[in-house]
Amino acid sequence: MTPLSLSASTPPAVLAQLSVDAAVQFVLDSVWGTALDGIAGLTGIDMLASPFMQRAYLAAICIAIIGALVGSFLVHREMAMIGDTLAHSAFAGVAVGLFVNATFSVVVAPFVTALLVAAVAALLVQSLVDYAGAYRDTSLAIVLTGSFAVGSILVTATDGGIAVGINAYLFGSLATVSRLNAAILLGLSVVVTAAVAVAYRPLVFVTFDEIGARAAGIHVTRYNQLLAVLTAVVVVGAMQIMGVILVAGMLVIPVAAATPVRGFKRAIGVAVGVGLIATTAGVTLSYQYDIAAGGTIVLVAIALYTVSKLSVRVRHRLARRTQASSAAAASQPVTADGGDDK
Amino acid sequence: MVLLDVDDVTFAYGDQPVIDGVSLAVESGAFLGLVGPNGSGKTTLLELIIGLRRPDSGTVRLFGDPTHESNHGERIGFVPQTVSDTNGAMPITVREAVRMGRYAHTLLGRFTDDDRAAIDAALQRVGITDIADRRIGRLSGGQRQRAFIARALASEADLLALDEPTVGVDAESREAFYDLLHALNEEGITIILIEHDIGIVTTHASEIACLNRELYFHGDPESFVETDALADAYGGGQSLIHHQH
């Protein structure tokens, strides 16, 4: 950690770096660390007092929130697979970063190259859909395989030397959540949440009725691009815990589990809740049984999705039974409103 | 006052011409029924009118300005086809959908009292206040179309553009829906309606435009029934007789 020693001659860039460090230290240690230490003291759960797990839980919460926020727009635009495509682009970005580090005497954080490549891929997918007239899933498939092809070539081009580093990104791991990574994910989460809060109305309009939004004079292409880039940011942020292959799950599964809810804003809230349960339970189980965090989180999320779907079925069946019995009691025909046919 | 002025407009998808030399002027307060066979370019013409597409040649002026260059989004209420163009599985309520009518006015930032009042008034005007908190995907076709009309009214639009709004809506709801359109037109809202049922158009519209790539007729419904425009546009007279019920 950088020691916090200042003098009058300290250059502004160093000052900025120091203030960022101080902010990270304040949030991670003074606020988050102290809070979890306190909970650990009260409940006797030692796991919460370990700095390693404190970072993992912080990352879990961030992933749950931003995944559900952005995923709510993707799922209802039938763009669920864009997360997977951008994750594979991010993989290519990681490979580019590791390749540059291994080949040239430059130091680039793989995270930065991943973010850049995924953002470019996001805009590329959107342009293919908008201008090239390609089917959406076709353009997603082209960018997905193209990115993975670039990544695989770069990995092999360095005699397999970077393959070890790549493995952690492919499958995700709690061990990769360093202080710096946790701080970056927290920063990205603030940016994503703020962007969705500001652009909520145009995003929801475009999601619900793109032609209507266009007719109302909303710059649809701009918001499509914003959504694609936000997706890239979420994917890169969540990739380290979830792994490239599973990261799309957190954009899709909690949102799908929240679909029976009435009201879009409320559904986003429920999706965040489902995501929080899945990520915190997943991280805990992963730590206790020493199993992959990404896989555990996704399986918990799918279990919650299954419960959600089953409970809707049971509720409808009960409603029909009540309706039938009250109809029989009144000996009058009852007209079903066909409300659950969608 | 001329609200819409289409001047010698041509449009093609690639090398497939869809609209060929169409000129048409619509006065403010009119109820224009746009008819023509399948694939005749009706939807494309409507999209050109509300600025979703740019003509290959010619100009479309709406509210006095070329549509693809100006933004009159808050003055246009667009009602799409019932099922295909909107997202039925999205957990959005009627009120949330109607609120979108205000987005052209207040896209970012807090809603004002005026915004909220317009939303409540619109829900009430089309008679769906009691179902405002239901999911729009769970409504019947007729109720859903009312919600879209409410969205247009919430935006305080001068022009309602409707693309076959009652596909899949039962006959009774359809009749009530057109009565509502009629009433809104009497209150001064200009309506442009694409409708495949010629009988409905000739009953409710104040003028008819009959299209099949070119414009075959534009005038009042009485003259339309008397001319051969429909038969010419459809390439045979049978469907005309079939629809006149």
Report summary line: Taking segment A:146-174 and keeping only residues that are modelled with pLDDT of 80 or more and either of a type in the set (Asp, Glu) or open to solvent by less than 50 Å² (accessible area, probe 1.4 Å) (or both), one is left with A:Gly146, A:Ser147, A:Ala149, A:Gly151, A:Leu154, A:Val155, A:Tyr169, A:Leu170, A:Gly172, A:Ser173, A:Leu174
**Report entry** Hey, B:Thr106 within 14 Å of chain A (Cβ to nearest Cβ), of a type in the set (Val, Ile, Thr) and more than 19 Å from B:Glu47 (Cβ to Cβ) or not
**Finding:** yes
Requested in this report: Go through (1) open to solvent by less than 20 Å² (accessible area, probe 1.4 Å); (2) within 17 Å of the chain's Cα centre (by Cα); (3) more than 14 Å from chain B (Cβ to nearest Cβ) one by one and return the number of the condition A:Gly71 breaks.
Outcome: (3)
Requested in this report: Find the residue count for segment B:172-202, including only residues that are part of a helix (DSSP H, G or I) and closer than 18 Å to B:Val126 by Cα.
Outcome: 15
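Scan segment B:198-215 and give yes if some residue there is in contact with a Phe, Trp or Tyr (Cβ under 8 Å, 6 or more places away or on another chain) and within 14 Å of another protein chain (Cβ to nearest Cβ), otherwise no. Please lay out each step first, then the result.
Just the residues of segment B:198-215 that are in contact with a Phe, Trp or Tyr (Cβ under 8 Å, 6 or more places away or on another chain), to begin with: B:200, B:202-210, B:212.
Now narrow it down to the ones that are within 14 Å of another protein chain (Cβ to nearest Cβ): none.
Looking for residues that are in contact with a Phe, Trp or Tyr (Cβ under 8 Å, 6 or more places away or on another chain) and within 14 Å of another protein chain (Cβ to nearest Cβ), one finds none in segment B:198-215, hence no.
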Query raised in the report: Residue check, A:Val192 against (1) under 30 Å from B:Arg54 (Cβ atoms); (2) open to solvent by less than 30 Å² (accessible area, probe 1.4 Å), all met but one. Which one?
Result: (1)
Report summary line: Going through segment B:65-79 in order, the residues found to be in contact with a strand residue (DSSP E or B) (Cβ under 8 Å, 6 or more places away or on another chain) and either of a type in the set (Phe, Trp, Tyr) or more than 10 Å from chain A (Cβ to nearest Cβ) (or both) are B:Pro66, B:Thr67, B:His68, B:Phe78
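Could you tell me whether A:Leu42 is without any contact (Cβ under 8 Å) to a residue 60 or more places away in the chain and surrounded by 15 or more Cβ atoms within 10 Å (Cβ to Cβ)? Spell out the reasoning first.
Values: without any contact (Cβ under 8 Å) to a residue 60 or more places away in the chain: yes; surrounded by 15 or more Cβ atoms within 10 Å (Cβ to Cβ): no.
Spelling it out, it is not the case that A:Leu42 is without any contact (Cβ under 8 Å) to a residue 60 or more places away in the chain and surrounded by 15 or more Cβ atoms within 10 Å (Cβ to Cβ).
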Requested in this report: Could you please find all residues in segment B:16-67 being open to solvent by 50 Å² or more (accessible area, probe 1.4 Å) and in contact with a helix residue (DSSP H, G or I) (Cβ under 9 Å, 6 or more places away or on another chain)?
Outcome: B:Arg53, B:Arg54
**Report entry** helices (runs of 4 or more DSSP H) lying entirely in segment A:161-211 (those with 3 or more residues that are of a type in the set (S, T, N, Q))
**Finding:** A:179-198
**Report entry** Residues within segment A:222-259 that are modelled with pLDDT under 90 and open to solvent by 30 Å² or more (accessible area, probe 1.4 Å), tallied
**Finding:** 1
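The values are calculated or read from the model by the stated rules, or taken from the named source; none is laboratory data. Please read these numbers as outputs of a predicted model, since none were measured by experiment. Don't worry about glycine lacking a Cβ; one is built from the backbone with ideal geometry, like all the others, and counts go over all protein chains shown. Each accessible area value is taken on the protein alone, full model and side chains, heavy atoms only, with ligands, DNA and RNA left out. Shrake-Rupley method; radii C 1.70, N 1.55, O 1.52, S 1.80 Å.
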